[in-house]
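The values are calculated or read from the model by the stated rules, or taken from the named source; none is laboratory data. For clarity, every value in this text was computed on a predicted model and none was experimentally measured. Neighbour counts run over all protein chains shown; Cβ positions are idealised from the backbone, glycine included.
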Amino acid sequence: MNTIPAALSVLALMAVAVCAVTACSPITVLNALSPAGDTRSSKDVAYAAGPRNKLDIYLPEHVDGTAPVVVFFYGGNWVDGNRADYAFVGRALASRGIIAVVPDYRLYPEVSYPTLLDDPSAAVAWTARDIARYGGDPARLFVMGHSAGAYNAAMVALDPRRLAKFGMKPSMLSGLIGLAGPYDFIPIENKTTRPVFHFPNTPLDSQPVSHVSASAPRTLLIAPVNDDLVNPKRNTGGLARKLRENGVAVTERYFDGVSHTTLVGSIAVPLRRLGPTLDEVEAFVKGK
């Protein structure tokens, strides 16, 4: 038995516990314990005009134009988040031979629905257009997100109006990957989320489940068995069911050892023992 991953897991969990009662960030700990290894990065790449419209690209050591590409959107309830905090996701994907693109996007109150989806869509369009210059294959392009970021990814992949603004169609995507995403959340219970979606007049077309069709890309959905922030049965299970009803291939996974937050954390080296999230993503992207 390899004791190094176990020791890292204990160290990371202890650090996260300490951060819960101090000013430090658990994400900072995960990034510090997730070295770049045989990967490299290109930072602060502009995909549109504006201070929030930049992205970071994480690359495997060797790329030849055939590498699959994942655009990852972080969560934060549409009011918070920074791409630099998710270096551990980019490094993890790059370590598996996958180019990772991690964009920032404008947040509430600067934008609300539906404008909040313009930046994620623009980032995907930029990737489709320009990632070949970095050794990626635009014909193997996936969108992925955690929590609010999974919502963003789902809307880009399911609502054709989003990519149409940039001359693209959802059918140009090779897949959708959602981690603990909110896909069906009317009426909105979270008070922070309400103004983002104009509660109590939340448009029905703001929900990813409203846009499922046979043209949706193949999908991987992962959620904690017990998620106290986003109901996995209604959201992950409901979206999976609708996709299958429309003939879309869906892989659905539920993990016991993770929470809403540590699901994405389990991608990082120190917490991989909590759940096989990275393995599932790699298998899905590479069609295993």
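Restricting attention to the range 66-92, which residues are surrounded by fewer than 23 Cβ atoms within 10 Å (Cβ to Cβ) and among the hydroxyl-bearing types (Ser, Thr, Tyr)? Hit for the range 66-92 is Thr66, nothing else.
Might you check whether a residue that is surrounded by fewer than 17 Cβ atoms within 10 Å (Cβ to Cβ), in contact (Cβ under 8 Å) with a residue 12 or more places away in the chain and under 19 Å from Thr251 (Cα atoms) occurs anywhere in the range 155-174? Taking every residue of the range 155-174 in turn, at least one turns out to be surrounded by fewer than 17 Cβ atoms within 10 Å (Cβ to Cβ), in contact (Cβ under 8 Å) with a residue 12 or more places away in the chain and under 19 Å from Thr251 (Cα atoms).
Among the conditions (1) in contact with a helix residue (DSSP H, G or I) (Cβ under 6 Å, 6 or more places away or on another chain); (2) of a type in the set (Asp, Glu); (3) closer than 30 Å to Pro60 by Cβ, the only one that Asp130 does not satisfy is (1).
Applying a threshold of 8 Å to beta carbon distances and a minimum spacing of six or more residues, or different chains, the list of pairs starting in the range 259-282 at a residue that is closer than 13 Å to Phe72 by Cβ and ending at one that is among the acidic types (Asp, Glu) is empty. Taking each residue of the range 184-212 that is basic (Lys, Arg) and looking for partners that are assigned to a loop (DSSP other than H, G, I, E, B) and buried (at least 18 other Cβ atoms within 10 Å of the Cβ) with beta-carbon atoms closer than 9 Å, six or more apart or interchain, yields Arg194/Ile188; Arg194/Thr202.
Checked against (1) crowded, with 16+ Cβ neighbours inside 10 Å; (2) assigned to a helix (DSSP H, G or I), Pro217 passes all but condition (2). Close Cβ contacts (under 7 Å, 6 or more residues apart or on different chains) running from residues in the range 216-228 that are within 14 Å of Gly145 (Cβ to Cβ) to residues that are in a strand (DSSP E or B) and charged (D, E, K, R) comprise Leu221/Glu252; Ile222/Arg253. Could you tell me which numbered condition Thr3 fails, if it satisfies all but one of (1) within 21 Å of Thr277 (Cβ to Cβ); (2) modelled with pLDDT under 95; (3) of a type in the set (S, T, N, Q)? The failed condition is (1).
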